[in-house]
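Trainee: My questions all concern the structure below.
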Amino acid sequence: MAEHLVQIRWERGEAAFVDNRYSRKHVWRFDGGVEVPGSSSPHVVPLPYSVEAAVDPEEAFIASLSSCHMLWFLAIAAERRYVVDRYRDDAGGRLGKNAAGRMAMTRVTLRPAVQFGGAQQPTVGEIAAMHHEAHDKCFIANSVKTEVRCEPRLEV
């Protein structure tokens, strides 16, 4: 299988560093050339040492689970000859202490809403089955210990 590469870049700048008063702002550079501003979450490290407008690791974790689930769902729907017009997921995650007492993303909840087009419309049960299969096939969900929930919605 292919190796997936991401480069993370951070520089201290003028900060003293050892007093813990340095910027957590950094850049994620993906192998396709896209750069994304990253930072710690302001919920974890207060402003101005975090950047609220940047993506934090917790958000990226949720996004990767949601994206992987969506991509599998779309493939499964296409295979079953259902036309998907729109897919939206308002996913969320909870940071808390795990069973070992360490801070972790203890739950991620996916809330996908899918709009289908065309004459062939899946039943609620068929939609649930496709979401279940997408969850089972998702590489990211299969890679983590976090409870990953999927709560499909009917509207986009």
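Trainee: Two decimals is fine: what is log10 I(q)/I(0) at q = 0.15, 0.19 Å⁻¹ for segment 1-153, from a Debye sum with one equal scatterer on every Cα and no solvent?
Mentor: -0.91, -1.20
Trainee: For the chain, what is the percent of antiparallel DSSP beta bridges, rounded to the nearest 5?
Mentor: In the chain, DSSP labels about 75 percent of beta bridges as antiparallel.
Trainee: What is the dipole size for the chain, taken about its Cα centre, with +1 at each Lys and Arg Cβ and -1 at each Asp and Glu Cβ, in debye to the nearest 20?
Mentor: 320
Trainee: Now a separate question. For the chain, just give the cysteines left without a disulfide-compatible partner, judged by no other Cys Cβ under 4.7 Å.
Mentor: For the chain, the answer is CYS150, because their Cβ atoms have no other cysteine Cβ under 4.7 Å.
Trainee: Straight-line reach from LYS25: which aspartates and glutamates have a Cα under 12 Å away, not including same-chain ones fewer than 8 places off?
Mentor: Leaving aside aspartates and glutamates fewer than 8 places away in the same chain, those within reach of LYS25 are GLU11, GLU52, ASP56.
Trainee: Additional query: How about segment 120-156: which trypsin sites (Lys or Arg not before Pro) there are in a DSSP loop, with at most 14 other Cβ atoms within 10 Å of their Cβ?
Mentor: In loop regions of segment 120-156 (DSSP not H, G, I, E or B), the sparsely surrounded trypsin sites (Lys or Arg not before Pro) are LYS145.
Trainee: Using alpha carbons only, how many degrees (0 to 90, rounded to 10) separate the axis of helix 124-137 from the longest principal axis of the chain?
Mentor: That helix lies at roughly 50 degrees to the long axis.
Trainee: What is the Cα centroid distance between segment 141-155 and segment 1-67, reported in whole angstrom?
Mentor: Distance between centres, Cα-based: 24 Å.
Trainee: Sort HIS26, HIS69, HIS132 by Cβ crowding within 10 Å, fewest neighbours at the top.
Mentor: HIS132, HIS26, HIS69
All of the numbers you see were taken from the coordinates with simple rules; none came from a lab. Note that the structure is a prediction, hence the values are computed from the model and not measured. As a convention, Cβ positions derive from the backbone with ideal geometry for all residues, glycine included, and neighbour counts pool all protein chains shown.
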